[in-house]
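Structure first, commentary second.
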Amino acid sequence: RPMKARFEGQKIESRARTASMTSAMVRWALVLSSLAGASACTEVRVPAPTGEVVIGNTVEAGRSPVSVRVSVTPRGTRFGGGADPVREAVMGAGYGRGPEKTSGRGASTNCSTFTTVYGFVHGMNEMGLSINGHALDLAVFQTPPNDAATVICKGDLQDWILGMHATVDDVVDSLRAAYVVGSPGGQWGVHDATKSIVIEYVRGELRIHDNTAVGVMTNDPTYDWHLMNLDNYAALRKDWYDSNDDVAIEVPATEAPYYPWATGAYDADPHRVPSPIGHAYNLLGLPGDGSPPARFVRVFFLRQYAVAVSPPQSFNDTLILAQELLNSVYKVLGTIPGRSGAADPLETSPTATLKVPARRVVYTRSREDLTWRMLDLSRLDFAPRDPSARLEEPSVMVASTAFNAIDVTDELLLTSK
């Protein structure tokens, strides 16, 4: 539906939030608000030979353990109209919520209201459009004119994107006709079955980057900086590292007992220097720290090399590759310090997701329980709810705080026949 029609008759309203949420949705938002210290995320796009794409995403946050429950937001749910501390969506599924502050417009309640056209759950809507929110400390949002027709509070942006749009192109068109306001910080990756974009607000201006080809996103600095930074690692290689063979020098053999190299490491020839002495040196120089630039470079090259040398042969292979890429940026609790204790606690990777827009499925796991839990949106009911029914929306746990293992001992016990 055209955005003009969706917002027909709506005015900028200086009043409290008018969205009606079920108690289950409120509990979900409150659970996610515990991740207010979230400061980093990594997103990677992996193509499958079957035509789909898998969007892998980690949440690197300063809160763990985290138990995440989700519930359906049906069509016809009303959002917007003002600030709410529980709805400050810095992170895609609702992480990092806090009060809105609108520069140059007085009260932070000057935001449009909207009623959702599409239902959604856990960062994906019923059309397969999905969103991941990331920290971007450099982000500064817009200052709309007084007669702006559509002003979206940052805390409502995810709900607006998922609830009012079917494709990435729809989102791009709407963003260019709207203003987004809020306190500094935040960026978003949005995906459908064929396209991916990065949404940034820098110096009060909207920036939309086509991320379909590169397919990687982390955090500060801005997306364009990360693209240029890839050039600093052009010397990395995906093949065996023997490019110095033509300049290698043979080392004379000796009978001395302390001399370790009588032959080469991989042949019986006299040892030459420099020569390969082990596997994985082709990646020498690939950054291994947890910073946004390092994660961007690492995930980009690992995915490119994996797809070039050993491409997935099935959809299942693609899920496994996406899982491996997320594992490569996992942060171990206790290794990433914060600046100020409780206000900026130790960072880790409490949750991760794999989203497949074409199949409308979302997989989720936690730091403690690496078992993936799947949501199949094609089986869910997103129809508008009857308010008179007074039904509580069911919720389900998608990320557990308990370590999980499968006991297979019984399978080795002797049994009589």
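The values are calculated or read from the model by the stated rules, or taken from the named source; none is laboratory data. On a predicted model such as this, the values are computed, not experimentally measured, just so you know. Using ideal geometry, Cβ is built from the backbone for each residue, glycine included, and neighbour counts are taken over all protein chains shown. Just the protein is used for accessible areas: all its heavy atoms, side chains included, with ligands, DNA and RNA removed. Shrake-Rupley method; radii C 1.70, N 1.55, O 1.52, S 1.80 Å.
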Subset of the range 101-119 that is assigned to a loop (DSSP other than H, G, I, E, B) and at pLDDT 50 or above - its residue that is nearest to Y179 (Cα to Cα): S112
Are any residues in the range 326-358 over 26 Å from K195 (Cβ atoms) and either of a type in the set (G, A, S) or touching a Phe, Trp or Tyr at 6+ places or on another chain (Cβ under 9 Å) (or both), and if so, which ones? G334, G338, S340, G341, A342, A343, T348, S349
Pairs returned, first residue in the range 138-157 that is assigned to a helix (DSSP H, G or I), second residue that is of a type in the set (S, T, N, Q), beta-carbon separation under 8 angstrom, 6 or more apart or interchain, are K154/S183
Collect the residues in the range 355-377 that are open to solvent by 30 Å² or more (accessible area, probe 1.4 Å), touching a residue at least 40 places away in the same chain (Cβ under 8 Å) and under 26 Å from T77 (Cα atoms), keeping them in residue-number order. A358, R359, R360, Y363
Select, from V180, V214, V198, the only residue that is closer than 26 Å to V307 by Cβ and in a strand (DSSP E or B). V198
Among the residues of the range 303-318, is there at least one that is in contact with a Lys or Arg (Cβ under 9 Å, 6 or more places away or on another chain), more than 28 Å from T222 (Cβ to Cβ) and among the hydrophobic types (A, V, I, L, M, F, W, C)? yes
Which residue is most open to solvent (accessible area, probe 1.4 Å), if the candidates are limited to the range 195-225 and must be in contact (Cβ under 8 Å) with a residue 60 or more places away in the chain and within 16 Å of P357 (Cβ to Cβ)? T212
So in the range 322-343, with the set limited to residues that are over 19 Å from the mean Cα position of the chain (by Cα) and not aliphatic (A, V, I, L, M), which one is most open to solvent (accessible area, probe 1.4 Å)? R339
Read through the list (1) of a type outside the set (A, V, I, L, M); (2) farther than 30 Å from Y281 by Cα; (3) modelled with pLDDT of 95 or more, then give the number of the only condition that S183 fails. (3)
Considering only residues that are buried (at least 21 other Cβ atoms within 10 Å of the Cβ) and more than 27 Å from H226 (Cβ to Cβ), which ones fall in the range 152-174? C153, D156, D159, G163, M164
Residues L333, L286: which one is at pLDDT below 95 and in a loop (DSSP other than H, G, I, E, B)? L333
Counting only residues in the range 378-404 that are out of contact with any strand residue (DSSP E or B) (no Cβ under 6 Å at 6 or more places or on another chain) and among the aliphatic types (A, V, I, L, M), the one farthest from R78 (Cα to Cα) is identified as A402
Report whether or not A268 is exposed (fewer than 12 other Cβ atoms within 10 Å of the Cβ) and either in a helix (DSSP H, G or I) or at pLDDT below 90 (or both). yes
How many residues does the range 363-375 hold that are within 16 Å of V121 (Cα to Cα) and in contact with a Ser or Thr (Cβ under 6 Å, 6 or more places away or on another chain)? 2
Qualifying position, being aliphatic (A, V, I, L, M), without any contact (Cβ under 8 Å) to a residue 60 or more places away in the chain and open to solvent by 20 Å² or more (accessible area, probe 1.4 Å), among L319, L302, L346: L302
Which of the numbered conditions does P394 fail, given that it passes all the others? Conditions: (1) touching a helix residue (DSSP H, G or I) at 6+ places or on another chain (Cβ under 8 Å); (2) surrounded by 13 or more Cβ atoms within 10 Å (Cβ to Cβ); (3) on the phi < 0 side of the Ramachandran plot. (2)
